[in-house]
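The values are calculated or read from the model by the stated rules, or taken from the named source; none is laboratory data. These numbers come from a predicted model, not from an experiment. Positions of Cβ are backbone-derived with ideal geometry, glycine not excepted, and every protein chain shown enters the neighbour counts. These area figures cover heavy atoms from the full protein model, side chains too; ligands, DNA and RNA do not enter into them. Shrake-Rupley method; radii C 1.70, N 1.55, O 1.52, S 1.80 Å.
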Amino acid sequence: MNRQILGYALFAIVAASLPAFGIYPIFVMKILCYALFACAFNLLLGYVGLLSFGHAAFLGSAAYATGHAIKVWGFSPELGILYGILIAAILGFVIGGLAIRRSGIYFTMITLAMAQMVFFFYLQAPFTGGEDGLQGVPRGYLFGLLDLKNDLNLYYVVVGIFMIGYFLCWRTVNSPFGQVLKAIKENEPRAISLGYDVDKYKLLAFVLSAAIAGLAGATKTLVFVSATLSDAMWQMSGIVVLMTLIGGVGTFTGPVIGAFIVVMLENKIGDLGRMIADTTGVQWFSSLGESVTIVMGLIFIICVMAFRKGIVGELSHFFTARQTKSQ
């Protein structure tokens, strides 16, 4: 527990000092939103063993719900975020209620199919703006006091939201409820024999994961003052799987590191390619920014073949093995 408190305090200090070093707040906020999304997904995959290919539906639904509530209905930012979380949780209850009746690949395909239905709804619904997206969402004032139009003010709010969401994931896993979830993942028939209503626990975990993903989507709307179809596309569900696998499934810091790597690649791979091209003289590298999906695909293949536990998982396994040998 003391290590967790120390880690929280260290993160708060580092996050608070980043703007002082000239780091662009919007970029860091994007990482935090995706990191929270990956943590929500990891809660389901890493600790319940349920692979969802439809988590973009919750991110996108909360993004649209929050944007519409703030822009059209005049909700304050905090009420807009709560409304987005509620919509994501309700959608999670509906999709989860249908999906948990099946297991394995059938569960995965049901979540994907339901998410695609949600995507096509947003594509055609008049309030979403279609392919143009919901633009010009006002940030407003948090609790009527804090002006979120100031990027620095919003930055510290997003840091706080991320820490709350991350703590919620950690507390869930390290609670009696979380221990039952782990038992279901390890040996579902034995959990049933002990008298646990497995479907009920799975559904609660699914709804909680959807709600936290909704928190990420609602926050993302405030950061970019817009909600777009890309938030609800199946590619977004694939990206969150990639983030979790790169960082380490079933670890707390893994999804955060995975989100950092993926967002860095998406935003900085072009600069890196130009730098390599200038250094080596090979002009092909200058077009690397146009091949982000290829680079991420290669990283995914490397992780699957050489780092099956992800970065954090492999490091943890390495240090544990060394400690065991030294004893």
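Brief remarks follow.
- Annotation: ILE301 carries an accessible surface of approximately 90 Å², with a 1.4 Å probe and no ligand, DNA or RNA atoms counted.
- Note on the chain: dipole from Cβ charges, positive end direction compared against LEU10, PHE120, ALA183; the farthest Cα belongs to ALA183.
- MRE, 222 nm, helices only [DSSP H, n ≥ 4, -39500 (n - 2.57), over the chain, to nearest 500]: -25000 deg cm²/dmol
- Probe 1.4 Å, protein heavy atoms only - accessible area per residue of the range 137-199 in square angstrom: 56
- GNM flexibility winner over the chain from ALA259, ALA16, ALA88 (Cα, springs under 10 Å): ALA16
- Relative contact order (percent, whole number), the range 213-281, Cα cutoff 8 Å, 6+ residue spacing: 16
- Label point distance in nm, THR279-LEU152, each placed 7 Å from Cα along Cα→Cβ: 3.4
- For the residues TYR106, TYR34, a 1.4 Å probe over the protein chains yields an accessible-area ranking, largest first, of TYR106, TYR34.
- Against the criterion of solvent-accessible heavy-atom surface with a 1.4 angstrom probe, THR279, THR324, THR228 sort, most first, into THR279, THR324, THR228.
- Here Rg/Rh (Cα atoms, Kirkwood Rh) was computed from the coordinates, and among (i) 0.98; (ii) 1.02; (iii) 0.95 the match is (i).
- Which of GLU266, GLU78 is most accessible, then next, and so on - probe 1.4 Å: GLU266, GLU78
- Solvent-accessible area, 1.4 Å probe, carbon plus sulfur percent, for the chain: 68
- Global size of the range 125-264: 18.2, 55 Å for Rg and Dmax (C-alpha atoms, Rg to one decimal, Dmax whole).
- Relative packing of 242-248, 112-118, 221-227, 17-23, which averages over residues the other C-beta atoms within 10 Å, highest first: 242-248, 221-227, 112-118, 17-23
- Estimated FRET transfer efficiency (LEU79, ILE302; beta-carbon r; R0 56 Å; 0.05): 0.80
- A simple charge model with +1 on the Cβ of Lys and Arg, -1 on the Cβ of Asp and Glu and nothing else charged puts the dipole of the chain at about 880 debye relative to its Cα centre.
- Placing unit charges on each Cβ (+1 for Lys and Arg, -1 for Asp and Glu) gives the range 85-201 a dipole about its Cα centre, and among TYR155, LEU86, TYR141 the Cα reaching farthest toward its positive end belongs to LEU86.
- Label positions at PHE127 and ASP199, each projected 7 Å from the Cα along the C-beta direction, are separated by 3.2 nm.
- In Å², nearest 10: area of VAL256 left accessible to a 1.4 Å probe: 40
- Within the straight-line cut-off of under 26 Å between alpha carbons, the lysines reachable from LYS30 are LYS71, LYS149, LYS220, LYS268, LYS309, sequence neighbours fewer than 8 places apart in one chain being disregarded.
- In the distance distribution for the range 182-281, Cα-Cα pairs more than 22 Å apart total 52 percent.
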